[in-house]
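Step one of this worksheet: look at the structure below.
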Amino acid sequence: MLKWRLPVGAALIALLGSLLWLDGRLQGESAPWLPGGRVPGGAVLAAFALLTLVPLLSAELTRLLRAGGVRAWPFALTLVVAAGSFLAVSARAWGMDREAIVLGMVPLTALLIPAGLGKVSRSRPDRGVADLGRWMLAAGWIGAMPACWIGLRAGVPWTGLVAAVLTVKSNDMGAYFAGMAMGRHRMAPWISPKKTWEGFAGGMVASAAVGAWAGTACGAGVPMGVAFGLVASVLGPLGDLAESILKRQAEAKDSGRMLPGMGGMFDVMDSLLWTAPAAWWILGHRAP
């Protein structure tokens with residue numbers, strides 16, 4: 001597994017770096033077809049996410065739910081809901097109000113009514129609740145959450161986004177090495193047997209240290225960066241555990257097979273999804 005993890009990880013880092021470089025180059029360029037007349041920060045990342053990330057997450061979520069015995073929506077419907085939510089949050093981050101409603105909230109509401117209330121009206125409240133839950137998973141987990149990274153990028157330099165992502169991933173690495181060296185007490189054995197409280201503490205130290213740099217790179221200040229690192233050290237593992245619940249229900253080791261040594265896109269993005277709103281909220285505020 002390690003022989004694949006290193007080159008695949010390097011390729012993903014190179015891809016992200018290329019996208020961020022292009023995003024920075026195009027930011028501010030004239031674009032008369034856009035509401036602001038110029039390319040906003042994060043536009044390249046948003047386009048890439050809509051074409052690759054959101055569809056892949058939608059496909060993996062649909063597959064995991066079905067494998068776990070959950071009556072999941074068709075992939076196309078899940079994708080429409082997730083993409084609409086992603087566009088709505090991204091548009092709002094770029095200062096668009098009416099456009100955000102048109103791009104996302106109207107289609108989502110139109111889908112919510114027949115999906116949830118329609119089931120309840122036919123005297124099947126259990127299915128109605130399940131449909132509402134699937135709507136929330138698609139709209140929130142794989143739609144709105146990744147769009148929060150676009151929101152952060154819209155207000156900070158691309159180097160700040162890099163630092164924020166590394167803060168989250170340093171928690172994963174710190175937890176891994178601390179858990180390997182000192183791990184004794186399991187956090188949630190039935191969900192993820194390898195996670196330990198010692199690893200959790202190691203991840204917290206690592207993310208707080210890198211978070212100090214992220215705070216400086218985003219202009220929020222060192223204290224806010226450290227605060228984000230500490231918050232990420234809690235939300236990141238929770239995102240990982242949440243995905244592990246889906247995989248355990250589906251009796252699957254990974255969410256997919258497209259990334260040798262790593263699994264699927266969910267396996268790479270699990271901690272980044274749950275930490276995205278906190279990154280936008282904490283690091284998106286500039287220091288006085």
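The values are calculated or read from the model by the stated rules, or taken from the named source; none is laboratory data. Every value quoted in this text rests on a predicted model; they were computed, and no experiment measured them. Here the Cβ is made from the backbone with ideal geometry for all residues, glycine too, and neighbour counts use every protein chain on show.
If the condition is being surrounded by 14 or more Cβ atoms within 10 Å (Cβ to Cβ) and of a type in the set (Gly, Ala, Ser), then the stretch 1-52 contributes GLY9, GLY24, ALA31, GLY41, GLY42, ALA43, ALA46, ALA49. Of the residues screened, GLY261 is one that is outside any helix (DSSP H, G or I), in contact (Cβ under 8 Å) with a residue 60 or more places away in the chain, more than 19 Å from the chain's Cα centre (by Cα) and not assigned by TED's automatic domain parsing to the domain that holds ARG71. Taking the residues in the stretch 228-258 that are among the hydrophobic types (A, V, I, L, M, F, W, C) and in a loop (DSSP other than H, G, I, E, B) as candidates, determine which candidate is nearest to the chain's Cα centre (by Cα). It comes out as MET258. Per the listing ARG92, ARG134, the residue uniquely modelled with pLDDT of 60 or more, within 20 Å of SER58 (Cα to Cα), assigned to a helix (DSSP H, G or I) and of a type in the set (D, E, K, R) is ARG134. Count of the stretch 279-288 residues, restricted to those that are within 17 Å of the chain's Cα centre (by Cα) and either surrounded by fewer than 22 Cβ atoms within 10 Å (Cβ to Cβ) or outside any helix (DSSP H, G or I) (or both), is 2. All of (1) in the same structural domain as GLY151 (by TED's automatic domain parsing); (2) touching a residue at least 24 places away in the same chain (Cβ under 8 Å) hold for LEU20 with one exception: (1). Number of residues in the stretch 176-219 that are assigned to a helix (DSSP H, G or I), small (Gly, Ala, Ser) and at pLDDT 70 or above: the value is 13.
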